[in-house]
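Only one structure is covered here, and it is reproduced in the block below.
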Amino acid sequence: MTLRLGIDLDGVVADFNTGWMTRYNAEQGTHLTPDQVTDWGAMIPLTHFSSMTDFWRWARNDDGPGLFRHLPMLPGAHSTLKRLSKHHQIVIITTKPRWANAETFSWIGDNAIPTREVHIIGRKWLIDCDIYLDDGPHNLEALVTHRPDSVVCRFVQPWNYPIPGVVDIDSWETFEYLVDRHL
């Protein structure tokens, strides 16, 4: 049976925190590390930005590629997605600022993400999938509410927390096992 797997990018496939911290450290002479991120809006207390608007303005980088263009991949993501894509549909469902759309598609191509379907959308639950994998607490809560017949999985990260009705996934290996078992 072919399943539709709704996969988030940042914090699940792409290492968003390493990406922004690498650039920020280089520009500001700081030594931030991803283990310092313990909540969803950690960019503000860890940096000089006074608001998320200021952070996203910096992330856009009008002088060159924006933040989303060169994010590293999280360990195990690519190989697992490649294996899963042999029998299932990989549906990328991500939320981005509008300015990041083109660089998100470039990142997907550069990293050979095995998908034919990409949605850049705030209300991820509008995209019908059998199994979802996300790290955003607000996304997970909405998916459980609006997609009660689907399996919703939390990619466990320090900035998220257990949510009733959501399956905790601690690695790509664990996610692959869950998908294989779901058949």
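Please treat every number below as a calculation from the coordinates, not as lab data. None of the values given here were measured: they were computed from a predicted structure. Please note: Cβ atoms are built from the backbone with ideal geometry, for glycine as well, and neighbour counts cover all protein chains shown.
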**Study point:** Residues Phe49, Phe16, Phe68 arranged by fewest to most Cβ contacts within 10 Å
**Key:** Phe49, Phe16, Phe68
Point to revise | Most positive-pole-ward Cα, Gly165, Cys129, Thr33, against dipole of the chain from beta carbon charges | key: Cys129
Exercise for review: Mind giving me the nanometre distance, one decimal, between the label points for Phe105 and Arg4, set 7 Å out from Cα along Cα→Cβ?
Suggested key: 2.1 nm
Exercise for review: Could you list Asp15, Asp180 in order of exposure, starting from the residue whose Cβ has the fewest other Cβ atoms within 10 Å?
Suggested key: Asp180, Asp15
Exercise for review: Calculate, in nm to one decimal, what Asp149 and His78 gain on full extension: separation in residues at 0.36 nm each, minus their alpha carbon distance.
Suggested key: 22.9 nm
Review point. Using a simple charge model, +1 on the beta-carbon of Lys and Arg, -1 on the beta-carbon of Asp and Glu, nothing else, what dipole does segment 1-154 show about its Cα centre, in debye to the nearest 20?
Key: 420 debye
Check your understanding: Between segment 68-95 and segment 161-175, what's the alpha-carbon centroid distance in Å?
Key -> 16 Å
Study note, to complete from the structure: Residue-ordered couplings for segment 119-127, obtained by feeding phi - 60° into the Karplus form 6.51 cos²θ - 1.76 cosθ + 1.60 and rounding to whole Hz (Gly and Pro as x), are 10, 10, 8, x, 9, 4, 5, 5, 9
Check your understanding: Among Met73, Met1, Met43, Met52, what is the fewest-to-most ranking by other Cβ atoms within 10 Å?
Key -> Met1, Met52, Met73, Met43
Check your understanding: What spacing in nm lies between the two simple spin-label points modelled at His87 and Asp54, each 7 Å away from Cα in the Cβ direction?
Key -> 5.1 nm
Exercise for review: Answer with one residue from Pro65, Met21, Leu46: the one whose Cα lies farthest towards the positive end of the charge dipole of segment 16-69, charges on Cβ with Lys, Arg +1 and Asp, Glu -1.
Suggested key: Pro65
**Study point:** Value of [θ]222 nm, deg cm²/dmol, for the chain, DSSP H segments ≥ 4, -39500 (n - 2.57) each, nearest 500
**Key:** -10000 deg cm²/dmol
